[in-house]
Every structure is written in C-alpha cells, then in structure tokens.
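Pasting in a structure now, in structure tokens, and then I'll have a few things to ask.
None of the figures in this text is laboratory data; all of them are computed from the coordinates on show. The structure presented is a predicted model; accordingly, all values stated were derived computationally and were not measured. Neighbour counts run over all protein chains shown; Cβ positions are idealised from the backbone, glycine included.
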C-alpha cells in the first residue's frame, strides 16, 4: 500500500492539533507581558487622551464634553503661550538638527580614520551622550553661572572682565541651551549610525576616484554623501522628532525662562496638565503636537524622494 494511502488515525490528528494549540497558547503567554504593557501604558492612555481632548476635565471634576472648544482656544490665540511656545520649539528644531547632523557626521568621519587610539577616542566621544539629561542640565547651569561659572571665569582669564549672563539673559538663554544639547548629541547615536554608514561605503570607489585625480572634497560630494543619503535621512527624521520633544533640558536648566525665552511646547503642555491640572486642554495640546510631528515626518518622507538614493535605485 502506498504511503499516501495510509489513513491518518483520528487520535493522531487530534494530538497534532493539540500540539499546535499548546504552541499557540505558549506563544501568547510569553508575549502577554508586552501586550498587557502596551494596552495599559500606551494604547489605553492614547485612546483616553483622544477622548479627554474633547472635554473640560481637571482633577476636581468629571470630564464634561465640550467638542472642539479646546482646539479653538489653542489655535485662535486665546492661549497666549501656545503659538509662542510652538514657534520657539520649531525654531529650536530647525536650527539644532542641521548643526547636530553636520557635526555628528564630521565626528564620525574623523573617527573613521585608521589611526592609533581610535577606539579610545570613539569611547570618549560617546560618553557625553550617556549623561542623564537632568545631570547634564545641572552641570551646564553651573558652567553658565554668571558670577561663579567656569565659562565666565575662563573669559576673565583671557581679558573679558564681565562675560554674558548666559541662562539669565533672554537673548542668550536659547543659544546656551543649544550648546548644551549639541555637546551631548554630537557623539551620540547619530555619530554611531554615521560611523556605520561610512564603513559601508565601498573603499574601491574611493580609491578609483583618487586615482582619477579627484580631490578629497570631490570624493566627499560625489561618492560619500550620495551613498550616505539614506543614513543622513534616517538621522534627520529621528533628530527632528527628538528636537521637537525638548523638555528636560529647559525644565531643569532654565524653567522656561527668563521671560519665557526657553518656554517650549512640551514644557507648556506639562504645566497645563500637571501644574494647572487642565487635563482636557492638555490632551488637546498633545494631539495638536502629534499632528504636527506626523506632518513634518510626512514632509521629510516626501522630500526624501528627491535626494535619498538606495542601492539599485535607477533614478538620476
């Protein structure tokens, strides 16, 4: 009798089905901690905030449905700090991200050289990014202190008797915070990703271009940057999202001052929710911020088609 003619006993089929069922149950059990965590700490608050965005709700009363009133208050200018904090946050992102990407790329290119002690220098460059944001803000607040700070003391030693007031002056507070953020971000994950991308550029292309007489700048513009475009694009998207979420550095370093010079959008959202206890309006602010991040990310994706090229891409 052929093998395909041998009948499968009912007990064998039932046993096989029970094994698959047990495997499925085991899989769901192993995944259940993550699933529960996602439902409780991510999906649940996500849905709840969407509902609360259309309510008037504080810690002293139950949610009262008000429709789009919270969004009207924000977008119509009735909230004096909404547009100013949003424009300040966008300004922070549009200035900080390009500078951070350029400096991170230069740091990665420097560390990509085959020199002695490169591993040690890579570690030194990466260490600032491991510093907690709160500690970073406290250290730089001391460095920027107008009377006792190390920076103004160094300026005094070189002949500048009275240095800037840094975080105490509304004209220098934001640039000062940007310097602090750059110090921590240049050697961080963006540099590591750039370093990995540089090591993926075929060395034979560089050598062929060098033999043809191409200068270092020409090789950078014609070979390295085009082949690194996808890596640059990734760091750009991640960097913009991270920059828009700036909070802890300003909260600890300046408290949003002086004169609201560093009052960013997330800081305004935090004060609305956890100091004024206007949870309904804060939820509306969170959803407005979410839409802005989605729009900017979508624009990045659309514009990337013009300058980001992947291996095997036939576009000119």
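When you count, for each residue, the other Cβ atoms within 10 Å and take the mean per peptide, how do 90-101, 192-203 rank with the highest first?
Highest-to-lowest ranking by the protection proxy: 90-101, 192-203.
When the Kirkwood radius is taken over all Cα pairs of the stretch 53-168, what Stokes-Einstein diffusion coefficient follows at 20 °C and 1.002 mPa s, in µm²/s?
The calculation lands on 110 µm²/s.
Please check: in the Gaussian network model of the chain (C-alpha springs, under 10 Å), which one of 48, 108, 181 has the largest mean-square fluctuation.
So, out of 48, 108, 181, the one fluctuating most is 48.
With N denoting the number of residues in the stretch 125-192, provide Rg(C-alpha) divided by 2.2 N^0.38 Å, to two decimal places.
1.21
Put a dot 7 Å past each Cα toward the Cβ at residue 69 and residue 179; how far apart are the dots in nm?
Going from the residue 179 label point to the residue 69 one covers 4.7 nm.
Please sort 140-150, 273-283 by packing, taking for each peptide the average over its residues of neighbouring beta carbons within 10 angstrom, highest first.
Highest-to-lowest ranking by the protection proxy: 273-283, 140-150.
Let me ask you something else. Shape call for the stretch 62-106 from the C-alpha gyration tensor, a ≥ b ≥ c root eigenvalues: rounded (a/c under 1.5), prolate (a/b greater than b/c) or oblate?
Prolate, since a/c reaches 1.5 and a/b exceeds b/c.
If I take R0 = 45 Å and measure r between the Cβ atoms of residue 130 and residue 38 in this structure, what FRET efficiency does the formula 1/(1 + (r/R0)^6) give, to the nearest 0.05?
Plugging the Cβ-Cβ distance into 1/(1 + (r/R0)^6) gives 0.95.
Taking the chain as a Gaussian network, where each spring joins two C-alpha atoms under 10 Å apart, which residue of 174, 191, 228 fluctuates the most?
In the Gaussian network model the winner is 228.
For residue 94 and residue 169, what does the FRET efficiency come to when R0 = 22 Å and r is the distance between their Cβ atoms, rounded to the nearest 0.05?
About 0.50, to the nearest 0.05.
Anyone know which of 222, 76, 32 comes out most mobile in the 10 Å Cα GNM of the chain?
32
Given the -39500 (n - 2.57) contribution per DSSP H run of 4+ residues, what per-residue ellipticity at 222 nm results for the chain, rounded to the nearest 500 deg cm²/dmol?
Roughly -20500 deg cm²/dmol at 222 nm, from the helical runs in the chain.
Taking 0.36 nm per intervening residue step and subtracting the Cα-Cα distance, what contour gain separates residue 214 from residue 297 on full extension?
Result: 26.3 nm gained on full extension.
Right, here's the next one. Using a Förster radius of 25 Å, what is the FRET efficiency between residue 46 and residue 189 based on their Cβ-Cβ separation? Nearest 0.05, please.
0.45
A further question follows. Extension gain residue 139-residue 28, at 0.36 nm per residue separation less the Cα-Cα distance, in nm?
Result: 35.3 nm gained on full extension.
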